[in-house]
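Since the structure comes first, as structure tokens, the remarks are kept for the end.
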Amino acid sequence: ILTQTANHKQVRCDNELEANDNVFSRPNRCLMPELPLERDVSAIEIQQAMEQFPRIFTESYPSSGPALYLGPLNEAMNQSIFNSNEPRPLSIYLHRTETASTHCFCKNVLCNEVIVDYLGENYIVWAWDCSKDANYQRLLWMLLEYIGSSASAVVAAIPLDEFPVLVCLLSTQRHIILDSTTSPDEIYIRLIEIREDFHSPSEEMIHDENQRLSICSNENWYPGSSQLELVEQESDKFRNIANYFSNSSYQIISVEQINNKKWLTKYQKQKEFICNRIGHDRSERILFHGCLRETSQDILRQGFHHEQTSIHGTKYGHGFYFSTDPKRSHIYALPDLHGGR
């Protein structure tokens, strides 16, 4: 079947399997070896595993597929969405050998010359084989560490039998999923639209030392990035916060205060307005929000933005959850690699 796209290029897709097609006669093959979770895996080991991906892909399918970035996910992000000279979207291909649609997707999409050429000219492509459970779990961990909880939660919510998927990353907070049910022609058109949207004039690209790159839509007020200031342990402010944890087994390592002049000015004006309305100054209440360390960095940069809704912010509706009980919020502050929360 030949279908015509908007820019007059043709995308070929095969609707039926040919009986003599060796792509479907050969046994299922994983494109990457398993990387066990029981031990630490070095960056070199990960890269060596990724280098097998294009080699086995070429042996299994009609062409070599798109040119892949064979390096850690964070480096692929540096070369794509965080590239200050020539930024471009990052396309993340997530493979799973066991699913029925994998071979069709690889043959009709990833071996399609028009799509492959367009990806090579306009995207950085990074791939990962999720066929082994350990590799799938390691992927979720990498998404959480390098992109954030939102992307990790979105991928984790995709049923495994709906793989493979193509995740198009425009920023750490903007990603679009193209799944195997989408036709090659539709995928090609969506790739063009996503690439054009990446440079949309309605968005402002913000660069500074604390935030390598972020995208701010005009419809959302951006308060500017914040700075953290360490609170001295001898100060009243530190003791007041510590009192909330006095009847618990938690050890407070440090207390840091967020400094943001725009936020502070806006808060003080609202506080003054409320105090005048209610006739007293007891208008404040301490609330706690537990989250991953990576999420706290997103909040520090962009505030409680609606696209940063956490994995747990769904029980009573999507949003950010706060509690007057620090012990309850502490449950959602999952420990980092060093055990800190």
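The values are calculated or read from the model by the stated rules, or taken from the named source; none is laboratory data. Everything numeric here is computed off the predicted structure, so don't read it as measured data. Neighbour counts run over all protein chains shown; Cβ positions are idealised from the backbone, glycine included.
Of all residues in the range 74-86, those that are surrounded by fewer than 20 Cβ atoms within 10 Å (Cβ to Cβ) and in contact with a strand residue (DSSP E or B) (Cβ under 8 Å, 6 or more places away or on another chain) total 1. The residue that is farthest from Arg174 (Cα to Cα), among those in the range 42-77 that are free of Cβ contacts under 8 Å to residues at least 24 places away in the same chain and among the polar types (S, T, N, Q), is Thr58. For Pro66, the requirement of being surrounded by fewer than 19 Cβ atoms within 10 Å (Cβ to Cβ), assigned by TED's automatic domain parsing to the domain that holds Ser180 and on the phi < 0 side of the Ramachandran plot is not met. Here the condition is being within 17 Å of Glu284 (Cβ to Cβ) and surrounded by 12 or more Cβ atoms within 10 Å (Cβ to Cβ); of Lys262, Lys271, it holds for Lys271 alone.
The requirement of being basic (Lys, Arg), within 17 Å of Asn74 (Cα to Cα) and assigned by TED's automatic domain parsing to the domain that holds Leu70 is fulfilled nowhere in the range 99-121; no residue meets it.
Residue by residue, here is whether (1) in the same structural domain as Tyr123 (by TED's automatic domain parsing); (2) at pLDDT 90 or above; (3) within 18 Å of Glu145 (Cβ to Cβ) holds:
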residue: Met32; (1), (2), (3): yes, yes, no
residue: Leu37; (1), (2), (3): yes, no, yes
residue: Gln48; (1), (2), (3): yes, yes, no
residue: Asn74; (1), (2), (3): yes, yes, yes
residue: Tyr93; (1), (2), (3): yes, yes, no
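A search for C-beta distances below 9 Å between a residue of the range 91-103 that is closer than 19 Å to Ile176 by Cα and any residue that is of a type in the set (A, V, I, L, M) and assigned to a loop (DSSP other than H, G, I, E, B), counting only pairs 6+ apart in sequence or on different chains, returns Tyr93/Leu68; Leu94/Ile158; His95/Leu31; His95/Met32. If the condition is being under 23 Å from Phe320 (Cα atoms) and acidic (Asp, Glu), then the range 260-287 contributes only Glu284. Residues that are surrounded by fewer than 21 Cβ atoms within 10 Å (Cβ to Cβ) and basic (Lys, Arg) occur at least once in the range 137-158.
When Phe82 is tested against (1) under 14 Å from Trp126 (Cβ atoms); (2) not in a loop (DSSP other than H, G, I, E, B), exactly one condition is not met: (2).
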